[in-house]
1. Out of (1) more than 23 Å from A339 (Cα to Cα); (2) open to solvent by 90 Å² or more (accessible area, probe 1.4 Å), the odd one out for Q447 is which?
2. Could you tell me whether any residue of the range 493-515 is in contact with a Cys (Cβ under 8 Å, 6 or more places away or on another chain), open to solvent by less than 50 Å² (accessible area, probe 1.4 Å) and closer than 16 Å to V451 by Cβ?
3. For residues that are within 14 Å of L316 (Cα to Cα) and either open to solvent by 40 Å² or more (accessible area, probe 1.4 Å) or hydroxyl-bearing (S, T, Y) (or both), scanning just the range 347-363, find the one that is farthest from the chain's Cα centre (by Cα).
4. For the range 334-363, how many residues meet the condition of being closer than 17 Å to E400 by Cβ and among the hydroxyl-bearing types (S, T, Y)?
5. Open to solvent by less than 50 Å² (accessible area, probe 1.4 Å), within 18 Å of the chain's Cα centre (by Cα) and under 30 Å from E407 (Cα atoms), is that true of L380?
6. Search the range 465-492 for residues being part of a loop (DSSP other than H, G, I, E, B) and over 36 Å from the mean Cα position of the chain (by Cα), and hand back the single one that is surrounded by the fewest Cβ atoms within 10 Å (Cβ to Cβ).
7. Quickly run through the range 529-574 and pick out the residues that are over 14 Å from G499 (Cα atoms), touching a residue at least 12 places away in the same chain (Cβ under 8 Å) and of a type in the set (A, V, I, L, M, F, W, C).
8. For the range 59-114, which residues satisfy the criterion of being in a loop (DSSP other than H, G, I, E, B), among the hydroxyl-bearing types (S, T, Y) and at pLDDT 70 or above?
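The values are calculated or read from the model by the stated rules, or taken from the named source; none is laboratory data. Nothing here was measured: the structure is a model prediction, and the numbers come from that model. Quick reminder, even Gly has a Cβ in these numbers, built from the backbone with ideal geometry, and neighbours come from all protein chains shown. Note: areas computed on protein heavy atoms with side chains; ligands, DNA, RNA excluded. Shrake-Rupley method; radii C 1.70, N 1.55, O 1.52, S 1.80 Å.
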Amino acid sequence: MHEEEEGGGNNGTAPLTSSSPLLHAMRDSNLDLFDPRTAVMDSSDYTIEVGRGDGDFGFAFNDSNFSDRILRIEIISESTEARPDGEGCTSLADWARNRKRRREDIKRDNAFTALDMAAGPEEQILNQPDNIPDDADTENQDEETAAMIEEPPSGDEGANDNDSNWSMECSTVLRVKTLHISSPILAAKSPFFYKLFSNGMRESEQRHVTLRINASEEAALMELLNFMYSNTLTVTTAPALLDVLMAADKFEVASCMRYCSRSLRNLPMTPESALLYLDLPSSVLMAEAVQPLTDAAKQFLAVRYKDITKFQDEVLNLPLAGVEAILSSDDLQVASEDAVYDFVLKWSRIQYPKVEERREILATRLAQFIRFPYMTCRKLRKVMGCNDFEHEFAQKVVVEALFFKAEAPHRQRTLAADETPNPNRRFVERAYKYRPVKVVEFELPRQQCVVYLDLKREECGNLFPSGRVYSQAFHLGGQGFFLSAHCNMDQQSSFHCFGLFLGMQEKGSVTFAVDYEFAARSKPTEEYISKYKGNYTFTGGKAVGYRNLFAIPWTSFMADDSLYFINGILHLRAELTIRH
């Protein structure tokens, strides 16, 4: 890349105007001027070649020889209770507490300001930056709007009402810092400065520019300005990096935001830091730059708390953003989606004791992470009668779940594949401890149910040498049953084999006589072929089945040419009938 230098008799200090070819080049390329990807610009005079990846202009920082403007930084006082974020903050908890207190102070100061402005509007002389978008949501901005004053103006500027600027006008200037700056370098890195220097107004022709900032922002701004020259930071702690990240968002320096985000990702993650990263202020620029950081925070929480039953007390105290990150994971170690549903209700009842608020947060935020299609029909019936959901909402999710259950397996896989880009992934099956089953129930002519259990090849492979996997419970005649698939030794202990068992959930000393049949899809017809029939009188906690369902060794069962895996899926069926 080449840098074009203006000739002339002013030693390179001519003001940068909207007609500058350098700014035209930056505007046309829409790239960071000193990004290695930027196209080469030829100079009619002479060129200075900058090596690719060598975007270090630190030598020019605050050097009058390489500067065309003077930046005057007015540092104003804040509430006496608020201290600078970076000072004395030894932990992220300190950083978060101080920032929250500063936000409250700003809101309180602005409330007083509104009263003062109403009392004497004719005395206001405010300078509002021209690059604030018309639809900016000023209510949700903290103290992040900078007061920019070009000087020396003629004194006849229009007065624009702005609470934050009025508050800054009324604050005491503690000290003033003066820096020599290069407008092309700052403009190349920041749309904020680009608009300031090239807006075509008279003020942009002035050589002096003033920024007014709060005392807590001073250290971060100086780091940010240095970064815009050198592409590096001297701070390495999480609180200091977060301060610079906030400043970079304020002045629209996306490259610095990405640098801070990357540096924070490289620091050890904790639940405290992960939750803080998920709670960062939201803006379009911020969201794009810190997306990898927030993704890493979500992944950290999802991995740490994937067994929500083990950490239930801790997870129940997490804020909403943390719970959403955990529930969005496919790898939750839960017995079934019923357990996820029960947890969500428990958390929401603790955090939102008022039923109106709870219904709102469930409908708009949390229910989307409950994968209703994988809940049992018995639990779905309870959803319909649950007071925590509006009836229309409950009806919608239950009907959708039942339609999904009724779909053919290939249609279910298609729906799940279509969900991949969506965060809630409601049709995607988690790695449940108890595998979901599809159940068809009959009352006449006999009480009967047909249960379908599908296992992936990798799930079966993970059973070797002595593992087992259980199905979700299903019911017949009011009694709960389950299937369990095993890898075990055959009765002569000569080789491993695949076994399938039917068990009854323990319910006291009840006995239950059942006729049963096990079947599996098999090549080449891919139809269900009966493997065993039998009858058994169950008592609580008992199970019956076959240690070697397919009468072949484990190696043959798992072989690439196995007759029982169709597109990588083992399809099992159990038919249960109450004996009379």
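1. Q447 satisfies every listed condition except (2).
2. Checked the range 493-515: no residue is in contact with a Cys (Cβ under 8 Å, 6 or more places away or on another chain), open to solvent by less than 50 Å² (accessible area, probe 1.4 Å) and closer than 16 Å to V451 by Cβ.
3. Taking the range 347-363 and keeping what is within 14 Å of L316 (Cα to Cα), we get 347-353.
Cutting the leftovers down to either open to solvent by 40 Å² or more (accessible area, probe 1.4 Å) or hydroxyl-bearing (S, T, Y) (or both) gives us 348-353.
On the way: S348: 20, R349: 24, I350: 23, Q351: 21, Y352: 22, P353: 26 Å.
Per the criteria, the residue is P353.
4. 1
5. Working: open to solvent by less than 50 Å² (accessible area, probe 1.4 Å): yes; within 18 Å of the chain's Cα centre (by Cα): no; under 30 Å from E407 (Cα atoms): yes.
So L380 does not fit the description; no.
6. The first filter runs over the range 465-492 and keeps only residues part of a loop (DSSP other than H, G, I, E, B), leaving 465-467, 472-473, 477-478, 490-492.
From the residues that got through so far, the ones that are over 36 Å from the mean Cα position of the chain (by Cα) too are 465-466, 477-478, 490-492.
Values: P465: 9, S466: 10, G477: 12, G478: 9, D490: 16, Q491: 9, Q492: 6.
Among residues in the range 465-492 that are part of a loop (DSSP other than H, G, I, E, B) and over 36 Å from the mean Cα position of the chain (by Cα), the one surrounded by the fewest Cβ atoms within 10 Å (Cβ to Cβ) is Q492.
7. The answer is F538, L563, F565, I566, I569.
8. First, pick out the residues of the range 59-114 that are in a loop (DSSP other than H, G, I, E, B): 61-63, 67-68, 77-91.
Add one more test, that the residue is among the hydroxyl-bearing types (S, T, Y), and what stays is 67, 77, 79-80, 90-91.
The answer is S67, S77, S91.
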